[in-house]
Amino acid sequence: MTKKTRRVFIAEFKLECVKLVTEHNHSVQKAAQAMNVSLSGLGKWVKQYKDEQNGKVASGSAISPELVEIQKLKKGSCFAHDRHSEQFLTIKKLEQSYPVQTSCSVFNANRSSYYY
């Protein structure tokens with residue numbers, strides 16, 4: 001028996017599906033059929049989009065363009081994987097004067113990442 005693969009949708013596709021409901025006044029059921037997605041999936045996307053518009057941030061992938069951009073920026077600026085980041089160089093310079101734990105806390109850096 002083969003395992004059914006789960007489909008993955010990009011944020012732009014989700015947004016287009018949501019706009020059918022929120023801007024073009026289609027029902028969730030008709031929009032789901034038109035876009036060939038599950039009714040429950042589209043319902044969750046619509047709820048998530050409305051929550052994002054009201055300032056609630058979900059833990060998963062964002063749908064609204066603003067939050068998608070923020071997530072991309074956060075992902076690109078994550079200095080935990082960059083051994084030569086400016087924050088870690090500064091922490092290294094301050095190592096003689098201040099404890100590493102304190103410096104990492106000030107720069108909002110994970111101490112274990114500093115030693116990585």
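A short reminder: the numbers here are calculations on the coordinates, not readings from a lab. Because the structure is predicted, anything quoted here is derived from the model rather than measured.
Could you give me the percent of Cα pairs per 10 Å distance bin for the stretch 11-76, shortest bin first, beginning at zero and ending with the bin that holds the maximum distance?
22, 53, 21, 3
Which value at 222 nm does the chain reach when only helices count, each DSSP H run of 4 or more adding -39,500 (n - 2.57), with the total divided by all residues and rounded to the nearest 500 deg cm²/dmol?
Numbers: 7 runs with 68 residues, N = 116.
Computed ellipticity for the chain at 222 nm equals -17000 deg cm²/dmol.
So I have [x] 1.21; [y] 1.02; [z] 1.14, and one of them is Rg/Rh (Cα atoms, Kirkwood Rh) calculated from this model. Which one is it?
Looking at Rg/Rh (Cα atoms, Kirkwood Rh) for this model, the match is [x].
Pull up the cross-link candidates among the lysines for K72, meaning alpha carbon to alpha carbon under 27 Å and not fewer than 8 places away within one chain.
K72 reaches K14, K19, K44, K47, K50, K56.
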